[in-house]
Amino acid sequence: MTTIVTYGTFDLYHIGHVRLLKRLKQLGDRLVVGLSSDGFNAIKGKNVVIPYKDRREILLSCRYVDDVFEENSWEQKRHDLARERADIFAIGDDWAGKFDDLEDIVKVIYLPRTKDISTTELKTVLSYL
Ligand code: C2G
């Protein structure tokens, strides 16, 4: 059983998120997502549109996602990876290199982002409607 752990906000759920989750699941058997809490997003400098409980329900409805836990800090990853018995930490390549320090406990993989779609771009489009 190969377990993959990833993290993110997944606000305004879109095709870039779906494609990433699909590719993450193809890396193993069990995909667990550390979902950024509303409070942690404030720390990340993100103004989320969709509240955590709804973002969690949306992710759990995705066929590729097996479980979701709350991400409240930058520092919790090692603890999470041990608790989930993760084999792989994987995330989009906008984070390339940022989590290489985890290589001593898991395989770290950065996957190419989907071009021309982002929550920020969606917010801009929505603001003109
Ligand atoms: N993503 C993607 N393609 C896009 C947009 C996002 O592949 N067009 C990926 C990102 O690379 C990330 C995941 O979807 O792996 C979630 O993106 P965000 O919600 O923006 O996550 P982020 O704010 O980067 O949170 O501790 C790590 C952070 O919590 C990551």
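The values are calculated or read from the model by the stated rules, or taken from the named source; none is laboratory data. As the structure is a prediction and not an experimental result, all values here were calculated from the model. Note that we place each Cβ from the backbone using ideal geometry, even for glycine, and neighbour counts take in every protein chain shown. Heads up: the accessible areas ignore ligands, DNA and RNA and are worked out on the full protein's heavy atoms, side chains in. Shrake-Rupley method; radii C 1.70, N 1.55, O 1.52, S 1.80 Å.
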Within the chain, what whole-number % of the accessible surface is contributed by carbon and sulfur, with the 1.4 Å probe and all protein chains included in the calculation? 53 percent
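In the stretch 73-129, what is the volume of the convex hull around the alpha carbon atoms, normalised per residue and reported in Å³? Before the final figure, lay out each step's value.
Working: hull volume 6.2 nm³, N = 57.
Expressed per residue, the convex hull around the Cα atoms of the stretch 73-129 is 109 Å³.
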Lys44 and Asp93 label points (each 7 Å along its Cα→Cβ direction) are spaced in nm at 2.0 nm
Which Rg and Dmax, in Å, describe the Cα atoms of the chain? 14.2, 48
Pairs Lys44/Lys98; Lys22/Lys123; Lys44/Lys123; Lys22/Lys107; Lys44/Lys77; Lys46/Lys123: which are spaced more than 20 Å apart, C-alpha to C-alpha? Lys22/Lys123
Identify the residues of the stretch 75-91 with backbone N under 14 Å of a label point that sits 7 angstrom from the Cα of Lys107 along the Cα-to-Cβ direction, or state none. 86-91
Relative contact order, percent, of the stretch 1-90 when contacts are C-alpha pairs under 8 Å separated by at least 6 residues? 42 percent
Measure out, as a whole number of angstrom, how far apart the alpha-carbon centroids of the stretch 91-113 and the stretch 1-62 sit. 16 Å
Which value, in debye to the nearest 20, gives the size of the charge dipole of the chain about its Cα centre, when Lys and Arg are +1 and Asp and Glu are -1 at the Cβ? 360 debye
Quickly work out the Arg78-to-Asp100 label distance, labels modelled 7 Å from Cα along the C-beta direction, and quote it in nm with one decimal. 1.8 nm
In Å², and per residue, what accessible area does the chain have when probed at 1.4 Å with the other protein chains present? 56 Å²
